[in-house]
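Contents: one structure, followed by commentary.
The values are calculated or read from the model by the stated rules, or taken from the named source; none is laboratory data. Please read these numbers as outputs of a predicted model, since none were measured by experiment. So basically every Cβ, Gly included, is an ideal-geometry build from the backbone, and we count neighbours across all protein chains shown. Note: areas computed on protein heavy atoms with side chains; ligands, DNA, RNA excluded. Shrake-Rupley method; radii C 1.70, N 1.55, O 1.52, S 1.80 Å.
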Amino acid sequence: MDLKNLENAWVKDFPKPLIIAGPCSAESESQMLETAKRLKETNAEIPIFRAGIWKPRTKPNGFEGVGTIGLGWLKKVKEEYGFKTATEVANAHHVAAALKADVDILWIGARSTVNPFTVQEIAEALKGTEKPVFVKNPVNPDLALWIGALERLLGQDVKNLGVIHRGFSTYQKTKYRNIPNWQIALDFKNQYPNIPMLVDPSHICGNRTGLAGIAQEAMNVGYEGMIIESHSNPDEAWSDASQQITPEVLAELIANLQIRNSDISAFDEEMGRHRTLISDLDFNLIELLSQRMKISEKIGTLKKDNSIAIFQPERWKVITEYALQKADETGMSSEFIEKVFKAIHEESIEVQNKL
């Protein structure tokens, strides 16, 4: 059996969109129960409660989770409020503890997905489980690694699979914590339409303001749902406070989602995907242009300090020739490329003139 032959009938037991919600980290029993209580009281259709028990941190000495004691709190959430439960596992010890505590759904985090040795260890510890297992995309934009992680799980007879699109790391500072890079996620979805895909707007955005937009974008292109962080008191959260929202705000976000009908035409679905990819590329274009102008500003400062004229005809000639060469190589209109680079060059001169 391969990934394309998986039926993944398990997902049909849940509503669409499938919502997994709860705090980034389990902090205390009272925090867990309060968050669960308020999620339940919103009457939003949220079947699965999530919480991080073990938290991999970028730097040492940060809060790395409460450990196995938190699994008891998850169990109490299930018993008192009827939620299915979910948590992240990063090694065989985590898997054994989560299975013993009867956690219903597990996921492999982005830092783990990037390491085939880690994924193999987790897969072997999960061998034959019927619990659904989600795999987050690796931190770096590598589709093969993402697929490979699922293949390792399937190789251990783990068949109830799903994936989570949580965005990709970048060293550049953007409005996103992790850039969506929709192209990779949609490439996966095109290859494996049978594998449920959730979006993780919390980790893509890294803040509260963009969550609804990312969630809606994912619904527009046929994602099955989302995993999102909700905390009873987000501002006081011990980890990732800026991206967590209250249960009440989450319920409003869910209520405002526009879910496409299942009988949407192939044309509309394909159109939605293309528009999402264009939005992704437009964002990247604007980010690149912003970076270019910052470098132009540094060049302008150097010119000013060394009494060099802002406009350099020879440099403009080199830029123009290179742009036209690339236009020819890519089959684009040389007139269009010349207009674009002329506009960019004029803006660069304007930036330097302001100095």
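The spread of Cα positions in region 314-355, taken along each principal axis and listed from longest to shortest, comes to 37, 18, 11 Å. Think of a 1.4 Å ball rolled over the protein heavy atoms: region 123-270 then has 41 Å² of accessible area per residue. Divide the volume of the convex hull around the Cα atoms of region 213-355 by the residue count and you get 190 Å³ per residue. List the lysines whose Cα sits under 18 Å from the Cα of residue 16, skipping any in the same chain fewer than 8 residues away. Once the sequence-local lysines are set aside, what remains near residue 16 is 40, 84, 189.
Across all Cα atoms of the chain, the radius of gyration (one decimal) and Dmax (whole number) stand at 23.6, 74 Å.
With only the Cα atoms considered, region 184-273 has a convex hull volume of 100 Å³ per residue. Taken about its Cα centre, region 186-253 carries a charge dipole of roughly 220 debye when the Cβ of each Lys and Arg holds +1 and the Cβ of each Asp and Glu holds -1. Maximal additional length on extending the residue 183-residue 1 stretch stands at 62.8 nm, based on 0.36 nm per residue less the C-alpha distance. Remark: relative contact order (region 115-224) = 23 percent; criterion is Cα-Cα distance under 8 angstrom and separation of 6 or more residues. For residue 342, the lysines whose Cα comes closer than 28 Å to its Cα, not counting residues fewer than 8 places off in the same chain, are 173, 175, 294, 298, 303, 304, 317, 326, 354. For region 1-100, the solvent-accessible area with a 1.4 angstrom probe is 48 square angstrom per residue. The spacing between region 300-355 and region 86-164, judged by their C-alpha centroids, is 49 Å. Roughly speaking, what % of Cα-Cα pairs in region 44-103 are separated by over 14 Å, rounded to a whole number? So the portion of pairs separated by more than 14 Å is 55 percent.
Applying both filters, DSSP loop and at most 15 other Cβ atoms within 10 Å, to the chymotrypsin sites (Phe, Trp or Tyr not before Pro) of region 1-88 gives 63.
Within region 78-192, all pairs of alpha-carbon atoms sorted by distance into 10 Å bins from zero give the percentages 14, 44, 29, 12, 1. Put simply, the C-alpha atoms of region 174-227 give a gyration tensor, and the ellipsoid matching it has half-axes of 20, 12, 8 Å, longest first. Here the Debye sum runs over all C-alpha atoms of region 1-144 as equal scatterers in vacuum, and log10 of I(q)/I(0) at q = 0.11, 0.16 Å⁻¹ comes out as -0.43, -0.91. Partner aspartates and glutamates whose Cα lies under 18 Å from the Cα of residue 100, excluding those fewer than 8 positions away in the same chain, are identified as 79, 88, 121, 124, 130. Of the accessible area of the chain, with the probe set at 1.4 angstrom, what percent is carbon plus sulfur? C and S atoms contribute 52 percent here. All Cα-Cα distances of region 134-248, cut into 5 Å bins from zero to the largest, leave 2, 12, 21, 22, 19, 13, 8, 3, 0 percent in each bin in turn.
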